[in-house]
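A.B. asks: Below are the structure tokens for one structure; questions will follow.
The values are calculated or read from the model by the stated rules, or taken from the named source; none is laboratory data. A quick note: this is a predicted structure, and the numbers were derived from the prediction, not measured. Cβ coordinates were reconstructed from backbone atoms using ideal geometry, including for glycine residues, and neighbour counts include every protein chain displayed.
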Amino acid sequence: MFGGADVCVSVGDVMAERRKIALRAIKAPGVGSVLSAPPILEASGHTVDYTCGRCGTILMRAELDQVHNLLIHCTRCGTYNSTDVEG
């Protein structure tokens with residue numbers, strides 16, 4: 001599936017672990033809908049930070065395996081990212 005790493009974040013006075021998963025960088029699509037981020041796309045209770053496959057910027061927060069068939073254009077580096085592993 002996705003490669004990822006765990007990071008610690010502060011939630012009030014408690015340290016919580018949030019997983020980071022790099023999305024798959026792809027060539028610019030010829031057709032279809034593309035969302036742009038940042039600002040961070042919030043799909044749900046941000047248990048996983050999905051990052052740009054090139055620059056590592058957080059693009060989306062969602063549950064593991066919640067979002068599929070989505071293309072996200074990173075506004076920081078210009079890379080197009082896919083939420084799906086298979087091409």
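A.B. asks: Is there any pair linking a residue in the range 60-78 that is within 14 Å of residue 49 (Cβ to Cβ) and of a type in the set (Asp, Glu) to one that is at pLDDT 95 or above and surrounded by 18 or more Cβ atoms within 10 Å (Cβ to Cβ), with Cβ under 8 Å and at least six apart or on different chains, and which?
C.D. replies: Note: no pairs meet the criteria.
A.B. asks: Of the numbered conditions (1) part of a loop (DSSP other than H, G, I, E, B); (2) surrounded by fewer than 17 Cβ atoms within 10 Å (Cβ to Cβ), residue 67 fails exactly one; give the number of that condition.
C.D. replies: (2)
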